[in-house]
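Encoded as structure tokens, the structure appears first; notes follow it.
The values are calculated or read from the model by the stated rules, or taken from the named source; none is laboratory data. This structure is a prediction, so every number in the text was calculated from the model and none was measured. Quick reminder, even Gly has a Cβ in these numbers, built from the backbone with ideal geometry, and neighbours come from all protein chains shown.
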């Protein structure tokens, strides 16, 4: 009993620390968003200026030698390509920041029209980069299969994103743990799929990690049950995921797992129009 109380106290301290970190992250995200907007806007303005420069060069083409004209065209093309990349990655960063703010500030149980494929993709890669930041030797292959032209559907985005993040975190941890003692030919992989099936959207996250024992399978959704060492897990993640999928979205969560072979989690969510 004393050991259980001590474990619960440690878990609560961890939760309190995570809550404080969440508030800090929201503040940082808000502050970063403003300079990012400036970067994107000035990149777009610079792109327009490059088009004006192209027009000027075209009007004075006879004043340039052939070599000079080709060099100017190459420089302008490179600058336009660079500006496009700045805008693309800047907008991706803005999207991630909005997701963080949505998680921290989103209203409880508020259904919003959401691009499911975009949401899953963002939080899959957010999990990957978080794992990379904490484990320098971590690297995996992520294979993604998103159904094209999947229409937006009504979900609680801050909750669904949390469910995707929790399962992806577990998948990353499972393949990393297996890689620590596996042969050199082991290639850690996670496969992501989002597709429609009748009146449902199905999200699948499959890894080839260490898998689960029968005992772990039975206790998977129990509060405070975790196979991770202290400091790496609270034991609440999968219970939260189950609540999000089954209670808040009236869907179902299923999983298949074989020890030392891997685990697949599947969310089946009814389309709410």
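Of all residues in region 128-160, those satisfying the criterion of being out of contact with any strand residue (DSSP E or B) (no Cβ under 8 Å at 6 or more places or on another chain), over 21 Å from residue 268 (Cβ atoms) and assigned to a helix (DSSP H, G or I) are 129, 130, 131, 132, 133, 134.
Counting only strands (runs of 3 or more DSSP E) that fall entirely inside region 178-273 and contain at least 1 residues that are at pLDDT 90 or above and at positive phi, the qualifying elements are 262-270.
The single residue among 163, 171 that is touching a strand residue (DSSP E or B) at 6+ places or on another chain (Cβ under 6 Å), crowded, with 18+ Cβ neighbours inside 10 Å, at pLDDT 90 or above and assigned to a helix (DSSP H, G or I) turns out to be 171. Taken over region 108-127, the residue count meeting the criterion of being modelled with pLDDT of 90 or more and either not assigned by TED's automatic domain parsing to the domain that holds residue 266 or not in a helix (DSSP H, G or I) (or both) is 3. Hey, among 122, 148, which residue is surrounded by 17 or more Cβ atoms within 10 Å (Cβ to Cβ), over 30 Å from residue 185 (Cβ atoms) and touching a helix residue (DSSP H, G or I) at 6+ places or on another chain (Cβ under 9 Å)? After applying the criteria, what remains is 122.
Conditions (1) touching a helix residue (DSSP H, G or I) at 6+ places or on another chain (Cβ under 7 Å); (2) more than 24 Å from residue 162 (Cα to Cα); (3) modelled with pLDDT of 85 or more, marked per residue:
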| position | (1), (2), (3) |
| --- | --- |
| 1 | no, yes, no |
| 30 | yes, no, no |
| 39 | yes, yes, no |
| 49 | no, yes, yes |
| 63 | no, yes, no |
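Contact map, region 183-196: first residue surrounded by fewer than 21 Cβ atoms within 10 Å (Cβ to Cβ), second residue assigned to a strand (DSSP E or B) and modelled with pLDDT under 95, Cβ cut-off under 6 Å, separation 6 or more or different chains; pairs are 189/141.
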